[in-house]
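The values are calculated or read from the model by the stated rules, or taken from the named source; none is laboratory data. From a predicted model like this one, the values you see are computed outputs, not experimental measurements. FYI the Cβ positions are ideal-geometry reconstructions off the backbone, even for glycines, and counts take in every protein chain you see.
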Amino acid sequence: MQRRNVIVVGAGPVGTVAALACARHGHTVTLLEVQQQIDDSPRASTTQPPTLEMLAELGLIDEYLRVGLVSRTFQFWDRPTRSLIAEFDFARLKDETAYPFVVQTEQHKLANMAIARLREMENAEVRLGERVMGITQTDNKVNVSTESQTLEADYVIAADGGRSTIRKALGIEFEGYTWPERFLVITTKFDFQAALGCCLRTYMADPQEWTNLFKVAGDDLKGRWRAVYNTREDETDEEARSDASVRARLSRIYVPEGERDYLHLNLYAVHQRVAKSFRKGRVFLCGDAAHVNNPIGGLGLNCGIHEAWHLSQLLHAVLTGAPVERLDEYERIRRPLNIKYVQEQTVANKKRLEEREPAQREKRFAELRAMAEDPKRHKAFVMRASLLERS
Ligand SMILES: Cc1cc2nc3c(=O)[nH]c(=O)nc-3n(C[C@H](O)[C@H](O)[C@H](O)COP(=O)(O)OP(=O)(O)OC[C@H]3O[C@@H](n4cnc5c(N)ncnc54)[C@H](O)[C@@H]3O)c2cc1C
């Protein structure tokens, strides 16, 4: 049986980056993906500065910028009064990174880009339409079984998403909770920047129902907006998806009647969960397989890509002669980092938007205004929000 250095399970944005990073180090890599093609439904798009640095090192940045939208600022608004509370500017990070902005590029574009590169490499193999069913390991190898065969590798990276087959097969607990409400994403061509004067990443607080607005390029590069809402806890999925309720939601973010048509709806459950362990022997969990969080702030996928990057470096070191103990660094560093920078921040971001108590709301708004106005605090806030503080 031909033995690979690394098998990556899952060709989402994390798995494809992990596979490309390992292959560029010269190792033999097989990427296995159950779907015949990459899921292009609206999911993550916000790419933070340290992630852009990694994409640059992978040789993907020019294409990534070409198919995305650069966004330097993000804003907080009070939705009921339609007023801007504070604006934060990533230009304050100009001495910290070559990319003092985020890029809004849909995640399927990254996965497809990385797959195209892998297909050009002799030491890499991409197999779409191949479901991984199980995994076994000994002290010196891992066997991965798919529906049609068993493959052998030195190491396995499980980037098979939040419902990870591998995490379950390894018996690793996914600790945390699921929020009672779901999130609804309405994709529309309505131009919120022109209509409201907001920027390409805008967070609107409202005690009844908050909204986040993002502009993405779309596959045709003509631009479209995603409006993300919380549902009511007692709202059924059917109700949330109904035409009447979608149009009512658009009206509450000031879209005039007659312009409330939409292109796409996406309704999904939201969790805050972290795997009890990020590793078992020669198998490593990466990305959503290791942790999931609410998407407010655009942090979860970025953190997953940082893990893929870090892990590819550790595997490269060990595959080229470094002591195997180097691999302990992965879990020791990445798990607490996710808890501190992603879980804590995304929960705080959500609370900031949904605060119901009027005095507390005012206090949170006052804090945001004070931070935006104070250069030192402004920079500290964007250092953390961009994951540059620890990446
Ligand atoms: C519906 C939805 C909407 C989201 N919206 C947002 C958003 O608006 N903003 C945001 O920041 N984040 C959002 N997220 C989160 C973001 O999409 C994830 O953080 C990101 O996809 C994680 O990437 P990943 O590569 O780790 O996992 P995934 O993108 O989930 O990729 C996992 C891959 O593994 C494959 N796979 C699974 N099981 C197997 C198997 N047994 N064998 C082979 N292949 C397998 C899957 O087909 C998939 O391609 C959303 C997530 C979901 C589910």
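With a cut-off of at least 3 residues that are within 12 Å of the ligand (Cβ to nearest atom) and at pLDDT 95 or above, name the helices (runs of 4 or more DSSP H) lying wholly within segment 221-330.
300-319
Residues are listed down the side, and each one gets a yes or a no for (1) within 23 Å of Q48 (Cβ to Cβ); (2) outside any loop (DSSP other than H, G, I, E, B); (3) in contact with an Asp or Glu (Cβ under 9 Å, 6 or more places away or on another chain); (4) at pLDDT 95 or above:
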| position | (1), (2), (3), (4) |
| --- | --- |
| K350 | yes, yes, no, yes |
| A366 | no, yes, no, yes |
| M371 | yes, yes, no, yes |
| K376 | yes, yes, no, yes |
| F381 | yes, yes, no, yes |
| R384 | yes, yes, no, no |
| L387 | yes, no, no, no |
| R390 | yes, no, no, no |
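Among the candidates A194, A205, which residue alone is touching a Leu at 6+ places or on another chain (Cβ under 6 Å), more than 16 Å from the ligand (Cβ to nearest atom) and aliphatic (A, V, I, L, M)?
That would be A205, the only listed residue that is touching a Leu at 6+ places or on another chain (Cβ under 6 Å), more than 16 Å from the ligand (Cβ to nearest atom) and aliphatic (A, V, I, L, M).
What is the number of the single condition among (1) in contact (Cβ under 8 Å) with a residue 40 or more places away in the chain; (2) under 30 Å from Y64 (Cα atoms); (3) aromatic (F, W, Y) that W225 does not meet?
(1)
Got a sec? Which of V126, V142, V103, V156 is crowded, with 16+ Cβ neighbours inside 10 Å, under 16 Å from V283 (Cα atoms) and either modelled with pLDDT under 95 or within 14 Å of the ligand (Cβ to nearest atom) (or both)?
On the way: V126 fails: under 16 Å from V283 (Cα atoms); V142 fails: either modelled with pLDDT under 95 or within 14 Å of the ligand (Cβ to nearest atom) (or both); V103 fails: under 16 Å from V283 (Cα atoms).
Residue meeting the stated conditions: V156.
Scanning for something farther than 30 Å from Y254 by Cα, part of a loop (DSSP other than H, G, I, E, B), in contact with a Leu (Cβ under 8 Å, 6 or more places away or on another chain) and not polar (S, T, N, Q), does segment 58-70 turn up at least one residue?
Yes; the residues of segment 58-70 include at least one that is farther than 30 Å from Y254 by Cα, part of a loop (DSSP other than H, G, I, E, B), in contact with a Leu (Cβ under 8 Å, 6 or more places away or on another chain) and not polar (S, T, N, Q).
So is P49 surrounded by 21 or more Cβ atoms within 10 Å (Cβ to Cβ) and away from the ligand (no atom under 15 Å from the Cβ) or not?
Yes; evaluated as a whole, the condition is true for this residue.
For segment 174-191: of the residues being of a type outside the set (D, E) and surrounded by fewer than 14 Cβ atoms within 10 Å (Cβ to Cβ), which is nearest to the ligand (Cβ to nearest atom)?
Filtering first and then ranking leaves T178.
Looking for whichever is β-branched (V, I, T), in a strand (DSSP E or B) and over 22 Å from V103 (Cα atoms) here; the options are T178, T187, T202. Which one fits?
T178
So V34 clears everything in (1) more than 13 Å from the ligand (Cβ to nearest atom); (2) more than 23 Å from L299 (Cα to Cα) except one condition, right? Which one?
(1)
Going by what's in this entry, would A91 be described as among the small types (G, A, S) and within 16 Å of the ligand (Cβ to nearest atom)?
No; evaluated as a whole, the condition is false for this residue.
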